[in-house]
Structures are given as C-alpha cells and as structure tokens.
Amino acid sequence: MDPATTPNEAYSPQEIERKVQRKWDDAGSLFADEGDRRPKYYSLSMWPYPSGDLHVGHLRNYAIGDVWARHKRMQGHNVMQAMGWDAFGKDAELKARKMGIHPYEWVKANTANMRRELKALGFLVDWRREMASCNPLYYYWEQFLFLKMWESDLVYHAPTKVLWDNSTSTVTSRREVDLGNVAKDNVSVVEMPAYQMRLRKYANELLEGLGKIDWPEKIVKDQQYLIGRSDGMSIRFPLAKKTAGLAELDVYTTRPDTLMGVTYMAVHADHALARHAAKSDSKVAAFCDECAKVLPMDAGNPEGDKKGLPLGIEVLNPLSQEKIPVWVADYVVDDYGSGALMGVPAHDFRDFNFASKYKLPIVRVNAAPGVAADAPVTQAETAPGLAVNSGPLDGLDKDGCIDKLEELLGDKKMAWRDHGLSLRDWPINRRMYWGTPIPIIKCDKCGLVPVPYEDLPVLLPIDVDFRDEDALANHPDFAEAKCPSCSGKAKRESDTMDTFVNSAWYYARFACRDSTDRILDGRAGHWLPCDHYFGGDEHAQGHLVYARFMHKVMRDLGLLPGDCGDEPFAALLCQGMVLGSDGKKMSKSQDNTVMAKDILDSHGADVARMYIIGVSNPKDTFPWNEEHVRDHAKFLDALWNLAMDRRPQVADGAGKKADPALMVALNRLLSSIDRNIGQKHFNNLVFGGIHSIRKLLRDNPEDHAFQRVGFEALLKVMNLVSPHIAEELWERLGFEGLLIDAPWWEPITAEDVQDDSRLFVVQVNGKRRDEIEVPASFGDDEVVKAAMESRNVARHLEGQKVATSKVIRKDGAHGIVFFVAKPGK
Ligand code: ANZ
Ligand code: ZN
C-alpha cells in the first residue's frame with residue numbers, strides 16, 4: 001500500500017503511549033545497571049509523599065527531571081532515575097485517626113494509584129529500584145544507622161524545647177507554622193526529652209560544602225542563614241557579688257568594639273541568674289513564666305515590643321570596672337550564645353528600643369567618619385565606624401578593637417575570639433505512631449540501652465489502635481521488653497523518628513535497595529554522589545540540610561563504600577510551583593487543584609508533559625491553563641499528521657544532501673536548543689525548538705534530504721519532552737532502533753551556523769505575523785520590501801496604509817521588522 005494515498009491513522013495518544021511503554025519494557029530500556037560501560041549518571045527527583053493521586057506539581061517535578069535524564073542518556077551516559085515513597089509520616093497518621101483507615105492501608109492504596117499514574121507518564125525510571133520508607137527492610141537499615149550514630153555520640157538524648165501542635169498532639173516545626181499548615185494559635189512551647197542529631201557538629205562543613213556544589217543561589221543563601229555562623233568574641237563580666245554560685249556572666253557579641261557602650265545586661269528567663277532572682281521576687285517569677293510561652297519565632301524578631309525587668313544584680317565592665325545592672329528580657333534567645341547579651345543601645349536596634357522604653361542610658365561609643373564623639377544618638381547606629389568614648393579603644397576600628405581587647409583581657413581569660421551559630425541540633429522524635437521505631441530500650445537501672453544489632457529490626461506493629469495517641473506505649477507486645485544489659489524488665493522506646501530521617505538517606509539506598517548484609521553496598525559506590533537533584537525549594541532549610549548532614553555522617557562512620565564524595569547532590573534545580581487557574585496556591589479548600597489523572601485521561605502523557613515543560617522556565621511559578629493544554633493537544637495532533645504525510649519524503653531522503661541554507665537554519669535551532677538545555681531553560685525546547693523545527697519541515701517539503709535530517713532532529717528533541725509520540729514516529733518514519741537509545745547530535749560548531757542569510761521576525765501592529773529569511777547583504781529597505789511580500793504579512797496589511805516600518809538587527813543572525821499600519825489606502 002502506498003502510504004501517501006491512504007488516509008493517516010488518527011493520533012490516539014493513550015494507545016500509542018501504552019504500546020511504546022511496552023516496547024521500552026520489552027527492551028529493558030528503563031533499567032540502569034552497574035555493569036554498563038557508559039559513564040554513570042544519577043539523576044534524582046525528590047520522592048513523593050503518597051498523599052493520594054499524583055498532582056500536577058509532581059508531574060512538573062518529574063517531567064523536568066526526565067528532560068535532563070533523557071538528554072544525559074542520549075549524550076552517552078548510563079542514567080539512573082529511581083522512584084519510591086516517603087511513606088511514613090504525619091499526614092497518613094492524622095488521616096488514619098480521622099477516617100479510621102489504617103495508615104498502612106492508606107499508603108498502600110495511594111502508592112498503587114500514584115505508581116500507575118507515574119508509569120503512565122512514561123518517565124525514564126528503573127522501577128526495579130522502587131522502595132518505601134515504611135518497608136521493614138528500609139527502616140531496619142535506618143535503625144542500624146541510628147545505632148551507629150548513637151555509638152559515636154552523633155545522636156543523644158536530652159530535653160529540648162519543641163513546638164507542640166495542640167490540635168493534633170504532635171510535635172510540629174517552625175516551618176509548618178510559617179507555611180500555614182499549623183495555626184500559630186494552636187502551638188505552644190513544651191520541653192520534652194528528645195533524641196537529637198548533632199547537626200551543629202557539622203556546621204562548618206555544611207557551610208563550606210555550599211561552595212563546592214552547583215545549587216541555586218537562593219537555596220545556598222537559605223542554608224547560610226540557617227547555619228548562621230558569625231564571628232565575634234565572648235566576654236566575661238565579673239559579678240559585683242557572687243550570686244547563685246556564679247562569679248561571672250559570659251556573653252557572646254559580634255561587636256566587642258562597643259564594650260564601653262554597655263549600659264545593661266540581659267539574660268533569658270531560664271538563665272541561672274533569672275531563676276535565682278525569681279525565687280525572692282514574685283514579679284520576676286511571673287515575668288519568667290510569661291517568657292516561657294514566647295514562641296521562638298517571636299523572640300528573635302527585631303521589631304515588636306520588648307519586655308524586661310531588672311534583677312537587682314550587677315556586673316562589672318571588665319575594661320572600666322563600671323557597674324552595670326542585669327535585666328531579664330524576653331528578646332534574649334535561650335539557646336544562642338550563652339543565653340545572655342550585653343546591651344549596647346547606641347548601636348543595636350533591639351537594645352535601642354529596650355533602653356528607650358526603660359529609660360536606660362544610651363552612650364555613643366562608635367562614630368562614622370565625620371560624626372562627632374559627643375553627637376547625640378537619635379536612633380541605633382549599627383554600621384561599625386571607629387571607637388569613641390572608649391578609653392583604650394578610642395580611634396580603633398572593629399578589628400583593631402578585637403586585637404586590643406585580646407591584648408588587654410585575653411591573658412586574664414576575660415575575652416576570647418568566638419563564633420556564633422544559629423543552627424540547632426535536630427530533634428527527631430515526633431510523638432507519633434507511623435514512623436521508624438527508635439531502637440532503644442528504657443531500663444530503670446541501666447538507663448537508655450541500645451537494642452542489640454542482632455535484634456533489629458524493631459518492627460512497627462500493625463495491629464494497633466492508631467486512634468490512641470500513645471498507641472505504641474499501650475501495645476503490650478511492643479512495649480514490654482527485656483533490658484539487653486541487665487536482663488531486667490524494661491520498656492521499649494515508644495516514640496518514632498521524624499520522616500525527615502527517612503528522606504535524609506533514601507537517595508543512597510536507591511542504589512542498592514535490596515541489600516540485606518550492608519546498609520550500602522558497592523553499588524552505592526558506583527552511583528553516588530547523585531549528579532543532579534530536582535525538587536521544590538520549600539525543602540531548603542529542612543530536607544536539603546538533613547540529607548547533606550547524613551551523607552557526611554555516613555561517610556565518617558565508614559558506611560559509604562568507595563568514593564561517594566562529601567556532598568550527596570552535586571547539582572540541584574528547584575522548580576517553581578504550579579498555581580491553580582485562579583492564580584492561587586492549589587489547595588483542596590480552594591477547590592482549584594488539578595490532578596495528573598485529569599489530563600492523562602483526556603489528553604495523554606505526552607500532552608501533559610509538553611504543556612508543563614513548555615509553559616514556563618522550570619524555576620518560575622505559573623498558573624494552570626486548561627486552554628493551553630488543549631493547544632498542545634492540537635499541536636501534537638497536527639505534528640502527527642505532518643510526520644505521517646512526510647513518510648515518503650523521509651524515506652527518499654536517505655543518503656542525499658540537503659540544501660545548505662536549510663541546514664544552516666536547522667543548525668541554528670539545534671545550537672540554541674543545546675544552549676537552552678545547558679541553562680536548563682527547558683521551556684524553550686518547546687516553542688523555540690520543537691515548534692520552529694516543525695515549521696521548517698512544514699515549509700520545505702520538496703527537499704527530501706532535509707525532511708530526513710529535520711525529522712530526525714525533531715524527534716530527538718521531542719524524546720525529552722513527549723517521548724511516546726516521538727518513539728512511535730521514529731519507527732513509522734523508518735529510523736533505526738529505539739529513539740530512547742539514539743545518540744544526541746554532535747555539538748554544533750560556528751561553521752555549521754554560518755551563511756549569508758538573516759532571519760527576521762515580522763510584526764504588524766505588535767502581533768507576530770511571519771518569519772522571513774533574506775540575504776545578509778540586504779539593507780533595511782530591501783528587508784522591509786521582502787517582509788511586505790511575505791504572504792501572511794501581506795494579508796494583514798491588506799486595505800491598510802503602512803504608517804511606520806522599522807528594522808531592528810540583533811546579534812547578526814536575527815532581527816525584527818515592525819510595521820505600524822492604519823486603515824486607508
Ligand atoms: C553587643 C552588640 C552591640 C551586639 C551591637 C550587636 C550590635 P548575630 O549577629 O545574629 O550572630 N546576642 C547574643 N546572644 C544573644 C541571645 N542569646 N539572644 C539574643 N541576642 C543575642 O547576633 C549576635 C548579637 O546578638 C550579639 O552581638 C548580641 O548583641 C546579640 F552594636 O552584642 B551584640
Ligand atoms: Zn537494665
């Protein structure tokens with residue numbers, strides 16, 4: 001049968017997608033094996049929390065990662081992408097409590113849905129590596145990791161203050177409150193014994209490592225801020241009279257040069273001096289109780305009313321021996337520095353407000369150039385100038401003051417260089433059932449005793465009354481235990497780990513998820529570090545810190561085989577959000593959520609993927625637009641028909657040489673596609689790339705050789721974005737092998753894109769009407785003339801008078817012609 005004379009088969013996306021996926025499966029195309037000779041490339045997109053169906057935010061994340069992964073593969077890498085389920089956690093548990101569905105059942109049903117949808121989307125994922133954090137084999141190794149950390153004192157047990165969500169009776173976090181997931185009114189500060197991971201121990205390395213990875217600037221800044229390392233000094237103020245067993249009060253300051261301007265000291269309500277004063281002063285006692293309720297996010301806030309009370313205690317300025325009163329104040333953070341500060345109202349905002357309110361002296365000890373030493377201070381002057389009114393420090397800048405103080409006070413151990421750190425250790429228990437059990441046994445005689453390795457895993461019982469907020473503690477088989485140390489009767493720890501522990505090391509386990517004898521075997525050595533990571537920037541100060549920490553911990557514990565690097569994720573891209581069509585954040589309550597399934601059912605995977613890649617730069621946020629989705633469906637339909645029509649030309653073009661001018665035009669497009677991929681502007685692959693190549697092909701049917709090279713290139717780009725239709729057309733047009741395995745084109749050289757023609761976009765009254773190609777030698781008049789002759793432009797100028805025409809030339813190769821036309825002859 002002659003394909004040119006039979007009508008085309010209609011484009012039926014779902015059918016093609018199923019067929020192509022079967023083809024990939026049969027060929028084992030999606031598998032990533034360690035034995036492969038090509039260089040490894042591990043590309044990972046954050047694993048989903050199985051909350052129900054796949055939403056379009058997931059779709060976007062994975063479509064972006066897949067563009068990158070498929071491109072790397074075509075460039076000759078052995079690419080591994082894996083998928084799994086961040087299956088433990090609060091949402092499942094709360095849902096369970098509310099709806100009476102067991103979290104296990106809920107997760108099972110949801111993962112089944114999401115797996116089906118993800119598979120239907122045709123991502124390049126090695127599904128043999130699928131794993132879930134709630135699987136005992138996974139959390140067995142997590143418990144093993146915990147015990148290793150326990151042995152090395154990288155996790156310890158101590159009381160800490162946490163944010164308690166009264167509405168769910170679980171531990172929450174500042175982030176949850178900031179995101180609005182938990183109402184601030186429902187939150188209180190409670191002290192609770194906690195297992196804490198020593199994040200602070202790794203603060204310096206976490207900070208330095210940021211310089212070695214290719215991460216978005218914003219995330220790097222967020223992490224620097226979170227770690228919050230500052231340089232300064234600790235200064236020791238002798239107490240005028242020994243109090244509460246203390247002879248001195250130490251404070252940390254970033255401005256030691258302002259020491260002579262200290263007019264009061266402030267301590268946190270939990271400080272020994274405040275607690276001592278509270279014993280004999282009921283007003284202080286009441287105030288301290290008030291302070292205990294201040295949420296940490298409010299305490300550090302530079303604005304807002306600051307409250308305090310004098311304690312009737314005095315210290316001496318170590319430099320001048322002057323007496324200074326000690327106050328208790330609600331703006332002192334208890335676990336920063338020493339939980340006390342020196343108040344310098346003239347040069348610190350918070351101190352200025354505080355001193356103004358309580359009529360404490362404000363003394364200038366620093367002046368910018370040109371400011372007199374006796375100039376009044378009307379607001380805090382925080383930029384460091386030179387010291388004034390400061391005795392031995394006068395005339396020195398900040399560094400000079402620090403040197404001088406070291407000289408004057410260093411020997412007496414009254415001042416020393418020091419660092420501040422905002423980063424806190426990481427409490428990992430959440431008072432929940434649905435998580436990894438903490439492998440500890442609590443014995444009255446022996447204290448906290450680790451579960452012996454041979455008794456791991458500590459299985460999470462499934463037969464519990466999960467409506468009980470203390471389900472594990474009340475489960476007799478689980479709770480009763482024998483002390484491994486004294487064999488006496490003991491209790492098993494009934495708390496479980498935060499889900500962030502699960503997701504802090506999953507990327508490594510994907511390499512060898514079935515390993516039973518090692519947490520990470522040689523396969524992890526092959527794949528790690530992860531070359532590229534994709535996910536949302538809401539994880540900047542949580543997951544992305546914890547995973548970096550855990551990688552270094554596993555390295556130091558000797559659990560990373562071979563050279564896995566010091567950082568888990570060499571490069572990172574954070575995609576923007578998908579908003580509802582109303583421009584608002586998608587949420588169930590707004591009724592503006594779009595599920596991947598909706599668009600899969602109506603248009604198929606390729607349309608879904610093409611829309612979500614083409615609609616905006618991966619980094620940007622955009623509102624969903626149903627009409628644009630339909631436009632993409634129409635586009636792919638037209639493209640299918642064009643390709644099917646051109647089968648004879650493509651077949652005939654083999655072995656022939658295409659017109660050089662057309663090749664230059666094509667090469668220009670390919671070169672810009674390469675540039676856009678490099679910069680991860682994947683959106684430009686759709687309009688600048690796929691659309692433009694299609695247009696070249698449509699307009700030049702007579703050059704059969706060009707039809708062949710053009711379609712070959714077009715399908716390769718489409719393989720990154722809409723891989724099923726591309727794979728199918730690859731076969732129908734008679735190209736060899738599978739497209740998914742085809743190599744990318746060689747880099748385009750300057751020679752490939754040189755020629756004597758120039759491309760101009762033509763606009764009439766602000767609307768793009770055509771693109772013309774003219775000889776490079778054409779002057780502006782000739783370009784305008786050629787533009788007016790183009791069919792589409794002529795049509796839009798018909799019956800009108802050209803009022804203005806203008807030619808703008810850009811970077812040699814491209815340009816724009818503008819026409820302003822008015823009615824009339
Ligand atoms: C005196 C001073 C003078 C300060 C001045 C600043 C400006 P960063 O920069 O964030 O590291 N501080 C120390 N411990 C504190 C605590 N527990 N709670 C609240 N504030 C505390 O913060 C360091 C500065 O924060 C320190 O430097 C101290 O105030 C204050 F012109 O000391 B400064
Ligand atoms: Zn014991």
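Things worth noting here:
- In segment 339-350, of all residues being assigned to a loop (DSSP other than H, G, I, E, B) and within 6 Å of ligand 1 (Cβ to nearest atom), the one that is farthest from Glu381 (Cα to Cα) corresponds to Gly339.
- Any chance Lys657 is at pLDDT 95 or above and surrounded by fewer than 19 Cβ atoms within 10 Å (Cβ to Cβ): no
- Check on Gly312, out of contact with any Cys (no Cβ under 9 Å at 6 or more places or on another chain), modelled with pLDDT under 95, of a type in the set (Gly, Ala, Ser) and outside any helix (DSSP H, G or I): no
- Given (1) within 16 Å of ligand 2 (Cβ to nearest atom); (2) buried (at least 17 other Cβ atoms within 10 Å of the Cβ), index of the condition His543 fails: (1)
- Any pair with Cβ under 8 angstrom, 6 or more apart, that starts in segment 583-599 at a residue that is in contact (Cβ under 8 Å) with a residue 40 or more places away in the chain and ends at one that is outside any loop (DSSP other than H, G, I, E, B) and of a type in the set (Ser, Thr, Tyr): Ile599/Tyr611
- Filter pass, Ala346 being under 27 Å from Pro159 (Cα atoms), of a type in the set (Gly, Ala, Ser) and either within 16 Å of ligand 2 (Cβ to nearest atom) or in contact (Cβ under 8 Å) with a residue 24 or more places away in the chain (or both): no
- Residue check for Val802: under 25 Å from Asp755 (Cβ atoms) and of a type outside the set (S, T, N, Q): no
- Residue list for segment 693-750, filter: more than 26 Å from Ala10 (Cβ to Cβ), of a type in the set (Asp, Glu) and assigned to a helix (DSSP H, G or I): Asp741
- Across segment 389-415, the qualifying residues are those that are among the charged types (D, E, K, R) and touching a helix residue (DSSP H, G or I) at 6+ places or on another chain (Cβ under 8 Å), and the one among them that is nearest to Gln321 (Cα to Cα) is Lys404.
- Residues in segment 469-481 that are in contact (Cβ under 8 Å) with a residue 12 or more places away in the chain and either within 13 Å of ligand 2 (Cβ to nearest atom) or not aromatic (Phe, Trp, Tyr) (or both): Glu469, Asp470, Ala471, Leu472, Ala473, His475, Asp477, Ala479, Glu480, Ala481.
- Verdict on Asp257 being in contact with a Cys (Cβ under 6 Å, 6 or more places away or on another chain) and among the acidic types (Asp, Glu): yes
- Restricted to segment 481-512, and to residues there that are within 19 Å of Tyr533 (Cα to Cα) and of a type in the set (A, V, I, L, M), the residue that is surrounded by the most Cβ atoms within 10 Å (Cβ to Cβ) is Ala504.
- Selection of segment 384-399 for residues being part of a strand (DSSP E or B) and within 13 Å of ligand 1 (Cβ to nearest atom) yields only Ala387.
Each row is one residue, and each column tells you yes or no for (1) within 11 Å of ligand 1 (Cβ to nearest atom); (2) farther than 28 Å from Leu423 by Cβ; (3) part of a strand (DSSP E or B).
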{"position": "Glu248", "(1), (2), (3)": "no, no, yes"}
{"position": "Ala274", "(1), (2), (3)": "no, no, no"}
{"position": "Ala278", "(1), (2), (3)": "no, yes, no"}
{"position": "Asp289", "(1), (2), (3)": "no, yes, no"}
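- Filtered by the rule that a residue be over 28 Å from Asp517 (Cα atoms) and free of Cβ contacts under 8 Å to residues at least 24 places away in the same chain, segment 448-467 gives Asp463, Asp465.
- Pairs are defined by a Cβ separation below 7 Å, a sequence spacing of at least 6 or placement on different chains, a first member in segment 154-169 that is closer than 19 Å to Val449 by Cβ and crowded, with 17+ Cβ neighbours inside 10 Å, and a second member that is modelled with pLDDT of 90 or more and among the polar types (S, T, N, Q); the pairs so defined are Val155/Gln196.
- Ser485 meets all of the listed conditions (1) among the polar types (S, T, N, Q); (2) closer than 30 Å to Arg255 by Cα; (3) over 37 Å from the mean Cα position of the chain (by Cα) but one, namely (2).
- Segment 429-456, subset within 16 Å of ligand 2 (Cβ to nearest atom) and closer than 14 Å to Phe478 by Cβ, residue surrounded by the fewest Cβ atoms within 10 Å (Cβ to Cβ): Asp455
- Inter-residue pairs, beta-carbon under 6 Å, first closer than 23 Å to Phe31 by Cα and modelled with pLDDT of 95 or more and in segment 732-751, second of a type in the set (Ser, Thr, Tyr) and surrounded by 13 or more Cβ atoms within 10 Å (Cβ to Cβ), 6+ apart: Ile740/Ser29
- Only strands (runs of 3 or more DSSP E) whose full extent lies in segment 131-217 are considered here, and the ones with at least 2 residues that are more than 17 Å from Val553 (Cβ to Cβ) and aliphatic (A, V, I, L, M) are 155-165, 187-197.
- For segment 202-241, a residue qualifies if it is basic (Lys, Arg) and surrounded by fewer than 17 Cβ atoms within 10 Å (Cβ to Cβ), and the qualifying residues are Lys212, Lys218, Lys221, Arg229, Lys241.
- Within segment 286-313, residues that are over 10 Å from Asp330 (Cα atoms) and surrounded by 13 or more Cβ atoms within 10 Å (Cβ to Cβ) have Cβ atoms under 6 Å from residues that are modelled with pLDDT of 75 or more and of a type outside the set (Gly, Ala, Ser) in these pairs: Met297/Arg174; Pro310/Pro325; Pro310/Trp327; Leu311/Val326; Leu311/Val328; Ile313/Thr243; Ile313/Leu273; Ile313/Val326, counting only partners at least 6 apart in sequence or on another chain.
- Residue match in segment 187-195 (condition: of a type in the set (Ser, Thr, Tyr), surrounded by fewer than 15 Cβ atoms within 10 Å (Cβ to Cβ) and at pLDDT below 95): yes
- Any hit, segment 226-245, residues being closer than 19 Å to Pro361 by Cα, in contact with a Cys (Cβ under 7 Å, 6 or more places away or on another chain) and either outside any loop (DSSP other than H, G, I, E, B) or near ligand 1 (Cβ under 9 Å from one of its atoms) (or both): no
- The one condition from (1) buried (at least 23 other Cβ atoms within 10 Å of the Cβ); (2) at pLDDT below 95 that Gly100 does not meet is (1).
- Selected residue [surrounded by 24 or more Cβ atoms within 10 Å (Cβ to Cβ) and outside any helix (DSSP H, G or I)] from Ala82, Ala92: Ala82
- Residue satisfying condition, being surrounded by fewer than 23 Cβ atoms within 10 Å (Cβ to Cβ), within 7 Å of ligand 1 (Cβ to nearest atom) and outside any strand (DSSP E or B), within set Tyr331, Tyr336: Tyr336
- Residue count for segment 400-426, restricted to those that are farther than 30 Å from Leu199 by Cβ and within 15 Å of ligand 1 (Cβ to nearest atom): 2
- Here is the figure for segment 414-428: residues that are crowded, with 22+ Cβ neighbours inside 10 Å and in contact with a Pro (Cβ under 8 Å, 6 or more places away or on another chain) total 1.
The values are calculated or read from the model by the stated rules, or taken from the named source; none is laboratory data. Everything quoted here is computed from the prediction, not taken from an experiment. Cβ sites come from the backbone with ideal geometry, for glycine too, and all protein chains shown count toward neighbours.
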